[in-house]
Ligand code: IYR
């Protein structure tokens, strides 16, 4: 198939001063983002979640195959089922499976096997990575870099949710196969993570942790 090219649509170059202001403002704004575990049950407008998902869907992906699927769970019964499934796996993790080194690494976060936020928060977005796609005629299409692509889309989703004034939590019960059963997703889709979304609870607390400074995370050569 011959590629079709169009002029780059909607690109905007900013004068360098504006560019600096925008970069600094965005850095400041995204620095306010915190992973939150205390959620309010306050409902969130569905159309806001839809726009955040549209933003996530703009992510670059291997061969533009967009190997993701987002299941938005607002139904209290399904949230409860997910909560029970996750807490079962997490109990095993915290009490039997996790090596001491891993538990030590998690200690500053104060996490444990109780995951009530999975019931409290108005929305759980369960993100699936598709290892291959299926064409209308049933043929399989291999997806390249599915994990990387879904990771990028998830980053955009987290950013969009923050930008909308909501908070999120990346939750990865392990193993996550129970999510396919609960949500009726095919085996070619692997749960990537659960993004818990909502408003923070009144008086929500977060761990006193910090991010590495630029000098530690980047090198210019
Ligand atoms: N999935 C567990 C454990 C956990 C693991 C990591 I790495 C974290 O950054 C946080 C938690 C849980 O959700 O509690």
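Points worth noting:
- Spin-label proximity, residue 214 to the stretch 150-168 - amide N less than 19 Å from point 7 Å beyond Cα toward beta carbon: none
- Segment residue 27..residue 12, full-extension length gain: 3.5 nm, with 0.36 nm per residue of separation and the alpha-carbon distance subtracted.
- Counting neighbouring beta carbons within 10 Å and listing from fewest to most, the residues 83, 27, 52 come out as 27, 83, 52.
- Note on the chain: with a GNM built from Cα contacts shorter than 10 Å, the maximum mean-square fluctuation among 22, 34, 54 falls on 22.
- Cα centroid of the stretch 39-56 to Cα centroid of the stretch 170-206, whole Å: 15
- Label point distance in nm, residue 97-residue 172, each placed 7 Å from Cα along Cα→Cβ: 1.2
- Fewest-first ordering of 38, 112 by other beta carbons within 10 Å of each residue's beta carbon gives 112, 38.
- Contour excess over end-to-end distance, with Cα ends at residue 148 and residue 47 and 0.36 nm allotted per residue: 33.7 nm
- Max mean-square fluctuation residue, GNM over the chain, Cα-Cα springs under 10 Å, options 79, 211, 88: 211
- Gyration tensor verdict on the stretch 48-160 (Cα atoms; rounded if a/c is under 1.5, prolate if a/b is larger than b/c, oblate otherwise): prolate
A short reminder: the numbers here are calculations on the coordinates, not readings from a lab. Treat the numbers as computed from the prediction; the structure is a model and nothing was measured. All Cβ positions, glycine included, derive from the backbone under ideal geometry; neighbour counts span all protein chains shown.
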